[in-house]
1. Can you tell me which condition Ala142 does not meet? The list is (1) surrounded by 19 or more Cβ atoms within 10 Å (Cβ to Cβ); (2) over 24 Å from Pro331 (Cα atoms), and all the others hold.
2. Report, ordered by the first and then the second residue, all pairs with beta carbons closer than 9 Å, sequence separation of six or more or different chains, a first member in the stretch 162-174 that is more than 17 Å from Leu148 (Cα to Cα), and a second member that is among the aromatic types (Phe, Trp, Tyr).
3. Please tell me if Ser250 is touching a helix residue (DSSP H, G or I) at 6+ places or on another chain (Cβ under 7 Å) and among the hydroxyl-bearing types (Ser, Thr, Tyr).
4. Take the conditions in contact with a strand residue (DSSP E or B) (Cβ under 6 Å, 6 or more places away or on another chain) and surrounded by fewer than 20 Cβ atoms within 10 Å (Cβ to Cβ) and apply them to Thr25. Does it pass?
5. Residue check: is Ile124 farther than 23 Å from Val358 by Cα and in a loop (DSSP other than H, G, I, E, B)?
6. What tally of residues in the stretch 314-363 results from selecting those that are part of a loop (DSSP other than H, G, I, E, B) and at pLDDT 95 or above?
7. Quick check: is even one residue across the stretch 207-216 closer than 11 Å to Pro160 by Cβ, surrounded by fewer than 20 Cβ atoms within 10 Å (Cβ to Cβ) and of a type in the set (D, E, K, R)?
8. Restricted to the stretch 248-279, and to residues that are part of a loop (DSSP other than H, G, I, E, B) and aliphatic (A, V, I, L, M), which residue is nearest to Phe46 (Cα to Cα)?
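The values are calculated or read from the model by the stated rules, or taken from the named source; none is laboratory data. This is a predicted model, so every value here is computed, not measured. Here the Cβ is made from the backbone with ideal geometry for all residues, glycine too, and neighbour counts use every protein chain on show.
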Amino acid sequence: MSEDNILTPQGWIRGRLLHQHGKVTQIEGTPCDPSENDLPYLLPGFIDLHVHGGGGKDIMQGGDAFETIARTHLRFGTTSLLATTMTAPPEEISEILGQLGAYCEQRQPGTARVLGVHLEGPFINPGKLGAQPNFAHTAISAEVEDYLRLAPIRVITIAPEIAGHAALIRDLSARGIRMQIGHTLGSYEEGVAALEAGVTSFTHLYNAMSPLHHREPGIVGAALAHARYAELIPDLLHVHPGAMRVALRSIPCLYCVTDSTAAAGMPDGEYKLGSHTVTKCLGGVRLADGTLAGSTLTMDQALRNLVKIGLPLAEASQRLSQFPADYLGLPERGRLQTGSWADCVRLDRSLTLTSIMVEGEVQ
């Protein structure tokens with residue numbers, strides 16, 4: 001077995017990773033500086049907490065779409081992910097959650113592990129839909145409980161300014177569900193109050209939320225001033241590199257997501273995003289009116305983009321693996337150490353993927 005520059009929580013190790021039964025058993029080697037050799041990099045597998053689709057399929061299509069999406073994203077180094085829903089009528093959401101609940105119980109060979117669900121809507125502000133279909137409504141406790149019985153919902157995006165949502169944030173966050181602010185017209189004060197009530201992150205920071213102004217800081221201001229975690233789409237299209245740097249400097253555990261659509265890994269053309277038809281062109285995905293509608297980003301490209309704007313490779317990796325795992329409370333994922341899942345990606349010196357391992361299974 002060849003040697004690699006292995007990124008561990010303690011730093012770089014020049015050596016070999018050993019694994020058995022899907023878990024890392026040992027990392028043999030010595031501390032190193034990767035700039036002093038030409039060996040490949042071995043990094044923790046990427047963890048994407050915001051995935052709508054890929055390989056021509058959308059989560060809301062159900063059926064074989066889940067496997068296609070999980071297989072597609074594994075090709076680009078994502079070893080685990082959250083299946084992310086779109087705003088839709090409750091009966092449609094329930095149908096998809098029922099299917100996802102069964103799908104999450106096991107992993108098919110050659111696919112990324114689906115850790116659970118990110119419910120993005122319908123509890124968002126209808127005045128800040130972005131690319132979400134117009135089925136937003138106020139959260140009803142009975143509806144939420146129905147959803148929770150159907151699938152392992154790990155994350156819920158919510159607009160905190162809507163009457164009744166503060167109580168829901170307090171209740172669900174106390175039960176271990178990660179509540180995120182997104183698709184919101186809320187004020188800075190409402191954002192701070194939501195954080196105090198239990199909100200723990202912000203959905204695609206800067207996008208579909210009230211912006212920062214020096215006299216009205218908005219939800220973006222609340223995130224930059226107070227958040228420990230927030231997700232950001234580093235496709236260099238949704239957020240300017242300068243704004244990315246502001247967030248990276250302000251939010252200690254900022255982590256990156258793709259917000260990928262069915263168009264990820266596919267040629268230009270038309271694809272489904274929930275009930276919308278979207279067009280992939282010019283490196284992005286848009287509605288007919290030009291509104292950005294998710295992305296075509298993959299996590300390996302996200303890594304390269306972070307390095308391109310100046311992040312050290314180790315930090316870029318951390319924001320694609322360790323921080324999302326930490327956010328979900330998964331200490332056995334997102335890092336390479338004894339006892340962790342053997343989820344890893346090998347990249348050459350140009351940061352091109354050469355091999356992928358998910359739970360000890362080499363791709």
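1. Unmet condition: (1).
2. From the stretch 162-174, the pairs are Ile162/Phe123.
3. yes
4. Yes; evaluated as a whole, the condition is true for this residue.
5. yes
6. Count: 24.
7. no
8. Per the criteria, the residue is Val257.
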